[in-house]
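In what follows, a structure is listed as structure tokens, so that the remarks can point back to it.
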Amino acid sequence: MRVLSGIQSNGKLHLGNYLGAITQHIELQDANECFFFIANYHALTTIHDGNIVRGYAHDVALDYLALGLDPSKAALFRQTDVPEVTELTWILSTVTGKGLLDRATSYKDKTAKGLSASMGLFCYPILMAADILIYRSDIVPVGKDQTQHVEMAQDMAAYFNNTYNSDILKRPEVRLNDARVVPGVDGQKMSKSYGNTINLFDPPKPTRKRIMSIKTDSTPVDDPKDPDNCNVFALYRLLATPEETHDLAERYRAGGMGYGEAKGLLAEAVERTLGPARERRIELAADPDYVEDVLRTSSAKARTVAANVMEQVRDVCGLNVGKDTHR
Ligand code: ADP
Ligand code: TRP
């Protein structure tokens with residue numbers, strides 16, 4: 001199966017990205033042909049500072065490698081190293097009704113949070129569809145918030161194929177992790193855009209402080225608590241073993257334990273999960289040439305696939321001279 005996913009380089013990666021998307025990316029690399037890319041064109045919908053955009057893209061590459069992406073198994077590249085995606089974006093936009101994009105919930109959510117209502121933000125799902133379709137991807141592993149975008153990519157593949165009576169673009173399927181929506185410290189979806197993240201690679205002390213700031217209700221220490229209605233527990237169960245999860249749930253229900261203690265256990269679980277990757281990241285950061293080399297090699301592989309699909313797309317659209325497909 002060909003697996004494809006992207007992650008926006010618009011800030012530091014956080015537990016939501018890791019538990020919602022990256023763990024399944026790493027898991028899939030063993031038995032599939034994987035393409036993972038750093039969505040730096042997408043990042044321009046929120047950041048307009050060249051140095052920051054460049055820096056975040058490099059940081060995401062470091063994060064993936066530190067978390068276990070193996071470049072001998074999976075391709076890891078920058079979106080911009082395959083510029084053909086912007087060409088396919090345009091072509092898809094000519095067969096896609098505006099009404100489809102009007103229904104995109106992420107545009108509404110983001111503008112409601114104060115993000116600038118640019119055309120780039122509005123057309124973001126078309127660029128994402130191009131990302132997916134240009135590699136003829138079978139599976140797109142993402143967090144739940146991206147499901148609608150993958151469904152739009154399915155729609156756009158069908159619009160294109162029907163318009164040109166072709167089967168060039170392939171219908172992709174979404175793949176979700178168990179961690180559907182990871183809550184942030186305020187209980188809303190954890191997101192770089194919402195300032196509520198627990199970052200993957202902040203040092204242990206600020207991470208602990210951040211965990212201590214997670215919003216909880218005001219149930220007194222002695223009273224029983226509902227684990228299923230607690231942001232701390234929601235995060236803990238995604239990191240702990242089933243036994244640990246069961247034990248903590250029992251302690252919630254029994255009463256006598258304050259949220260501070262649960263937060264301490266969560267901080268330990270986070271450190272246990274991410275501590276070794278933090279060490280690897282420090283080593284990788286000392287070798288930027290290695291990271292750039294991985295990105296270069298992977299992008300050449302990805303670009304070969306994309307260029308081939310684009311040739312077929314251009315042919316049926318009449319953009320290649322002297323290749324009449326209709327007569
Ligand atoms: P952000 O919202 O922080 O900008 P992205 O939109 O770049 O994150 O998401 C990158 C990947 O991580 C996507 O597949 C997305 O579904 C997943 N993801 C992001 N936040 C969460 C979350 N809170 N819970 C589950 N998955 C998430
Ligand atoms: N929109 C995705 C996000 O914010 C990132 C992304 C861009 C993506 N293109 C993609 C994800 C293609 C999967 C497939 O997380």
Selection count where residues are more than 20 Å from Ala262 (Cβ to Cβ) and surrounded by fewer than 16 Cβ atoms within 10 Å (Cβ to Cβ), scope segment 182-221: 2
Restricted to segment 148-203 and to residues being more than 16 Å from ligand 2 (Cβ to nearest atom) and of a type in the set (D, E, K, R), the residue farthest from Ser9 (Cα to Cα) is Asp167
Residues in segment 152-160: is at least one within 15 Å of ligand 1 (Cβ to nearest atom), part of a loop (DSSP other than H, G, I, E, B), in contact (Cβ under 8 Å) with a residue 24 or more places away in the chain and within 18 Å of the chain's Cα centre (by Cα)? no
Restricting attention to segment 170-179, does a residue exist that is polar (S, T, N, Q) and part of a helix (DSSP H, G or I)? no
Quick one: which helices (runs of 4 or more DSSP H) lie wholly within segment 24-127 and hold at least 1 residues that are touching a Leu at 6+ places or on another chain (Cβ under 8 Å) and within 27 Å of Met1 (Cβ to Cβ)? 40-43, 50-67, 84-93
When segment 57-88 is checked residue by residue, the ones that are of a type in the set (Ser, Thr, Tyr) and surrounded by fewer than 21 Cβ atoms within 10 Å (Cβ to Cβ) are Ser72, Thr80, Thr86
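Rule-based calculations on the coordinates, nothing more; no lab input. Please read these numbers as outputs of a predicted model, since none were measured by experiment. Cβ atoms come from the backbone with ideal geometry, glycine included; neighbour counts cover every protein chain shown.
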